[in-house]
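What follows is a single structure, written as structure tokens, with notes after it.
Only the coordinates and a few stated rules stand behind these numbers; no lab work does. This structure is a prediction, so every number in the text was calculated from the model and none was measured. Neighbour counts are summed over all protein chains in view; Cβ atoms, including those assigned to glycine, are modelled from backbone coordinates with ideal geometry.
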Amino acid sequence: MCAMHVEVRKVGDVVIVDLKGRLLAGVGDEILRNVVNELLAEGWKKILLNLSGVTVIDSSGTGELVASMKICEKFDARLKLLNLHERVRKSLHLSELLPVFEVFDDETAALHHYA
């Protein structure tokens, strides 16, 4: 069984990546890396990761979120996080990474923030 399922939606010039499952070493982190790299290769500059369906994250998943943000910055793209599950929020908080990301609880607000 795949640990991570991804769906990509486009709203105007923002691409929303709906992630469901477990963002763990080995599968989830590689899927996230591949999706972000593909979107950057396609020229997307506004990427919103919807993590509402991510219930488990480990240090590799957390590291991949940071790596995704850094690669986006390198390509002059903006990566934001949406709908963090409480466990994911707690993990980012404990690792002192929560302030590094722009995090939204409302998709409409996140989309407006790109403008």
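Kindly indicate whether any position in the range 81-96 is small (Gly, Ala, Ser) and within 12 Å of the chain's Cα centre (by Cα).
Scanning the range 81-96 turns up no residue that is small (Gly, Ala, Ser) and within 12 Å of the chain's Cα centre (by Cα).
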> Say we look at the range 7-30 and pick out the residues that are out of contact with any Ser or Thr (no Cβ under 6 Å at 6 or more places or on another chain) and of a type in the set (Asp, Glu); which of these is farthest from Lys80 (Cα to Cα)?
Replying inline: Glu30
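To keep it simple, each residue is scored yes or no on (1) loosely packed, with under 15 Cβ neighbours inside 10 Å; (2) out of contact with any Phe, Trp or Tyr (no Cβ under 6 Å at 6 or more places or on another chain).
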{"position": "Leu40", "(1), (2)": "no, no"}
{"position": "Asn50", "(1), (2)": "no, yes"}
{"position": "Val54", "(1), (2)": "no, yes"}
{"position": "Ser59", "(1), (2)": "yes, yes"}
{"position": "Lys90", "(1), (2)": "yes, yes"}
{"position": "Val100", "(1), (2)": "yes, yes"}
> Within the set of pairs 6+ apart or on separate chains, which have a first residue in the range 91-115 that is within 16 Å of Ile16 (Cβ to Cβ) and without any contact (Cβ under 8 Å) to a residue 60 or more places away in the chain, a second that is part of a helix (DSSP H, G or I) and of a type outside the set (Asp, Glu), and C-beta atoms under 6 Å apart?
Replying inline: Phe104/Ala110
> In the set Glu30, Glu73, which member is part of a helix (DSSP H, G or I), free of Cβ contacts under 8 Å to residues at least 40 places away in the same chain and within 21 Å of Ala115 (Cα to Cα)?
Replying inline: Glu73
